[in-house]
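Worksheet: one structure, shown below.
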Amino acid sequence: MSAVDHDTLVGWLTRLKLTAIRDQLDSLLDEAARSDLTMRETVALLCEREIARKDERRIIMALKIAHFPHARDLEGFDFEAQPSIDPQQIRELATARWVAHGDALLLLGPPGVGKSHLAIALGREVIRQNYTVLFTTAQSLVASLVKAHSEGRLEERLAFLAKPKLLIVDELGYLPFDPNAAHLFFQLVSRRYERGAMLITSNRSVGEWGSVFGDPVVATAILDRLLHHSHVITIRGDSYRLREKRRSGLLQKATPTLFA
Ligand code: ADP
Ligand code: MG
């Protein structure tokens, strides 16, 4: 093979979309020469850089698509402040095996104990494991289903919501559902059942879901599917926000909690 000039090589790498190798070409070739790499090692080094760049891009895109309300990660979660959570269980969930199986994960507990924090942090780990994620609140999810239903686009909406491998529904139970909304939510859960995983956070215990859905029959049907392959974590204790305030002397004593 005849010698190829730099610009031609750059053109080829662009055409092949090997942009990390293209952008770092000279330094990668220098590194290979300096370290006396074999041909095979050099190819491996180039592949490694390209894969790292593609993974990085994929994660940035997937995080945008997931629509997390803000960034939270597991490193930022203070497990010592929350002894009702088993860190080992969270680490296991962070491997996303439950997502691969299409299981449900329920994070239950009073306000401020870290349910949304863990939901977002786990969602980000799931994206790192190469799965698609969509985050929504129960309220906006139901509003979108009701709207789609009234516009004759329910099927389209359900298909959209069935697509991500993990659907996170935050804050179920803050507002009760009307019967129509509960039924639409049931259709969504049925659609995703055993296909896609769901992570639901709620300030209500499972026993109270009858009143959340305004209909014990629909609530039972929903729970039947969700609990079939599920992981339920009940977080107890005081609000982390209030705890921080209490520490700084703004509040005097513990406030009563629903799950205590
Ligand atoms: P919930 O969804 O249960 O109401 P959040 O997850 O929104 O609670 O937590 C409230 C705030 O406190 C958030 O900013 C969250 O990051 C923080 N927080 C809660 N628990 C912890 C914790 N154990 N370690 C670090 N930050 C926490
Ligand atoms: Mg929350």
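Worth pointing out:
- Heavy-atom surface of segment 1-122, accessible at 1.4 Å and reported per residue (Å²): 61
- By the helix-only formula, in which each DSSP H run with n ≥ 4 contributes -39500 (n - 2.57) and the sum is divided by residues, the chain has a 222 nm mean residue ellipticity of -16000 deg cm²/dmol.
- Most positive-pole-ward Cα, 62, 95, 235, against dipole of the chain from beta carbon charges: 235
- About its Cα centre, the chain has a charge dipole of approximately 600 debye under the convention of +1 per Lys or Arg Cβ and -1 per Asp or Glu Cβ, with nothing else charged.
- Computed label-point distance, nm, for sites residue 5 and residue 220 using a 7 Å Cα→Cβ extension: 8.0
- The Rg/Rh ratio for segment 96-150, using Cα coordinates for both the radius of gyration and the Kirkwood hydrodynamic radius, is 1.03.
- Kyte-Doolittle mean at least 1.0, axial Cα span of 15 Å or more - DSSP H helices of the chain: 216-228
- Relative contact order for the chain, counting Cα pairs under 8 Å that sit 6 or more residues apart, in percent: 23
- Average accessible area per residue (Å²) across segment 133-236 - probe 1.4 Å, nucleic acids and ligands excluded: 45
- Remark: C-alpha extents of the chain on the principal axes read 76, 54, 30 Å, sorted largest to smallest.
- Other residues with beta-carbon under 14 Å from the beta-carbon of residue 100 carry, at +1 per Lys or Arg and -1 per Asp or Glu, a net charge of 0.
- Projecting the Cα atoms of 32, 172, 133 onto the charge dipole of the chain (Cβ charges, centred on the Cα centre) puts 172 farthest toward the positive pole.
- Segment 117-138 versus segment 6-38: alpha-carbon centroid distance in Å: 35
- Å³ per residue enclosed by the Cα convex hull of segment 150-260: 135
- Contact order for segment 64-198, expressed relative to its length and based on alpha carbon pairs under 8 Å spaced 6+ residues apart, stands at 33 percent.
- Split the accessible area of the chain by element, probe 1.4 Å, and carbon with sulfur accounts for 55%.
The values are calculated or read from the model by the stated rules, or taken from the named source; none is laboratory data. Keep in mind the model is a prediction, meaning the values are calculated, not measured. Here Cβ is always computed from backbone atoms with ideal geometry, including for glycine, and neighbour counts include all displayed protein chains. What goes into the accessible areas is simple: the full protein's heavy atoms, side chains included, and nothing from ligands, DNA or RNA. Shrake-Rupley method; radii C 1.70, N 1.55, O 1.52, S 1.80 Å.
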